[in-house]
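Attaching a single structure in structure tokens format; questions to follow.
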Amino acid sequence: MSLANNTVKYPVSIEAKDVMIKFNQKMLFCADRLSFSQGDVIYLQGDNGSGKSTLMKLLAGLQSPTKGQIESHGFVSTPWWRTQSLLGKAVYLHQHPYLFEGSVKYNLTYALAQRSLSSEQRKKRISQAIHMSQLTDLLNHHASDLSGGERQRLAIARAWIAQPKLLMLDEPISNMDKHSQSLVLAMINQLKQDGTGLLISSHQTCGLTALCHQYWHIKQHTIHTSMHVPTVEEVHQANTTELHYGTTN
Amino acid sequence: MSDGWLVLLQQAFSLLLSFDPHVWAIINISFSVSFAALLITIIPSIILGFILAFSHFRGRWIVTNLVQTLQSIPTVVIGLLVYLLLTRNGALGDLKWLFTQKGMILGQMLICAPVLIALSQAAFSSVDRRAWETSRTLGASWLRAVWTLCRELRVPLLLAIIAGFSRILTEVGCSMMVGGNIMNVTRNIPTAIALETSKGDFAQAIALGLVLLILALVLNFILGSLRGKAVPRSH
């Protein structure tokens, strides 16, 4: 859950109340109350198929819950024709990011068309994003030519340029070499410094989880929240115990 | 090839290259009517194709099957339907569109739409759903996200447009029934070919046939060059 002082300091938030998601008539997960606010850095953990990506898509407004409500607070009001109020407010980044057909620059500036920025601000933001993602030499390359790490960096820079208040990163450093991991970590750290609310899912505990100060765990179809983020040792110990004795309901 | 054929081909080329007013009037009518029908149909059909691919409303299965069935209806049947609508006692008789280019455009729209809808639905069904989600989560409006998908699917969508255009440019049945094959008014390439062949004036029929053949070649070259540029995606 969010800290009360966070809510005061950072008014932008998304709240899920009594949500439940069913998939093929089977319950995926449920939660009484979840709050994701600007300034929060949350580590989301769960087994494969437990619904981590679904939860993130739910909070990003890309999917609707089977039951319950998701509300946004503190965002700039959208025009009447924008029926889905969550879209574009909380940005969701896929585990394998989708890059649009075209150059790196086209992808990077995609979200800017929706923002009313002066050309100066636009240029500044683009050069900051390029610098942060270290893609300067690849700016005019076709996006499909990028490596896995470069794709992820471009996707984060593309989201950063949209200035999201809340950002959800689905396994952002999976299948990456050490160098790419450290670059992505630096970008995520920068987003944290900027005050962006982050919800990060990962299978492994690593430098990424060290950035987090809240913990959401999807276990046995329920989302458990805690202010204590488990360390590498604690996660390994829990996994080993589950392997030996199985999970209990 | 016999001498007779060579003479006919020579006459056909000279009709085209000497800008014979009758032949070029037919070509002009054919293209203007078919382009108009295509332009009016293109956007609503692609949007409908998108809706059929992406939404899950009740009755979607029936609409999809209906559209696919309409694709294979003979053009002469559509011509009959439009004729009955536009005839003096028909539902749209007051428009007085029978034997006019407007009537032909209406008929060709009905022929073109199912092809465009079905092929664009197939294209949208094949797109990576992350493209839509990425566009929307980055704040794109519904319309801009659809435009982004169209950009991603430009080759299959262009193929759909070319298929629709080829179908209406080459159809005889509907144009003949609704247009009436009136010289300088509603006579287009296919109806003119049918008429000139029945009269035994093969040179003009071949000249018009050559126009269709050249058009088919040009469209295929355009499509081929676009396909060549399209890079297989790795995710």
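What follows draws every value from the coordinates through simple rules; no lab data is involved. Quick caveat: nothing in here was measured; it's all calculated off a predicted structure. Glycine gets a Cβ as well: all are built from the backbone with ideal geometry, and neighbour counts include every protein chain shown.
Calculate log10 I(q)/I(0) of the stretch B:138-235 for q = 0.23 Å⁻¹, where I(q) comes from the Debye formula with a single equal point scatterer on each Cα and nothing for solvent.
Taken in order of the listed q values, log10 I(q)/I(0) reads -1.16.
Could you pull out every one of the lysines with an alpha carbon less than 28 Å from that of B:LYS102, ignoring same-chain neighbours closer than 8 positions?
Cross-link targets: B:LYS199.
Here's a follow-up. Pop a pseudo-label 7 angstrom from the Cα along the beta-carbon direction at both B:ASP201 and A:ASN24 and give the gap in nm to one decimal.
If labels sit at B:ASP201 and A:ASN24, their model points lie 6.7 nm apart.
Angle between the Cα long axis of helix B:21-54 and the longest principal axis of chain B, 0 to 90 degrees, nearest 10?
Roughly 20 degrees, rounded to the nearest 10.
As a quick test, which of the pairs A:LYS52/A:LYS219; A:LYS89/A:LYS123; A:LYS123/A:LYS192; A:LYS52/A:LYS105; A:LYS26/A:LYS57; A:LYS178/A:LYS219 have an alpha carbon distance above 20 angstrom in this structure? Each step should come with its number before you reach the end.
Numbers: A:LYS52/A:LYS219 11 Å; A:LYS89/A:LYS123 22 Å; A:LYS123/A:LYS192 23 Å; A:LYS52/A:LYS105 30 Å; A:LYS26/A:LYS57 18 Å; A:LYS178/A:LYS219 30 Å.
Violating the 20 Å Cα-Cα cut-off are A:LYS89/A:LYS123; A:LYS123/A:LYS192; A:LYS52/A:LYS105; A:LYS178/A:LYS219.
Take peptide A:98-104, look around each residue's Cβ out to 10 angstrom, count Cβ atoms belonging to other protein chains, and average those counts. Intermediate values should be presented prior to the final figure.
On the way: counts 11, 5, 8, 10, 2, 0, 0.
If you average over the peptide's residues, the count of other-chain Cβ atoms is 5.
Tilt of helix B:189-199 relative to the longest C-alpha principal axis of chain B, in degrees (0 to 90, nearest 10)?
The angle comes out near 30 degrees.
Still on this structure, please answer the following. Mean shadow of the stretch B:11-226, computed from the convex hull of its alpha carbons, in nm²?
14.1
On to the next question. Hey, what did chain B get for relative contact order, percent, Cα under 8 Å, at least 6 apart? Mind showing how you got there, number by number?
Numbers: 274 pairs, mean separation 70.7, N = 235.
Relative CO of chain B lands at 30 percent.
While we're on this one: Helix B:60-71 against the longest principal axis of chain B: what's the angle in degrees, Cα atoms only, rounded to the nearest 10?
The helix B:60-71 is inclined about 20 degrees to chain B.
Starting from 0 in steps of 20 Å, tell me what percent of the Cα-Cα pairs of the protein assembly as shown lands in each bin.
Reading the bins upward from 0: 20, 40, 25, 13, 2.
Another question, then. Please report A:MET56, A:MET187, A:MET168 as a ranked list, fewest other C-beta atoms within 10 angstrom at the top and most at the bottom.
On the way: A:MET56 26, A:MET187 22, A:MET168 31.
In order of increasing Cβ crowding within 10 Å: A:MET187, A:MET56, A:MET168.
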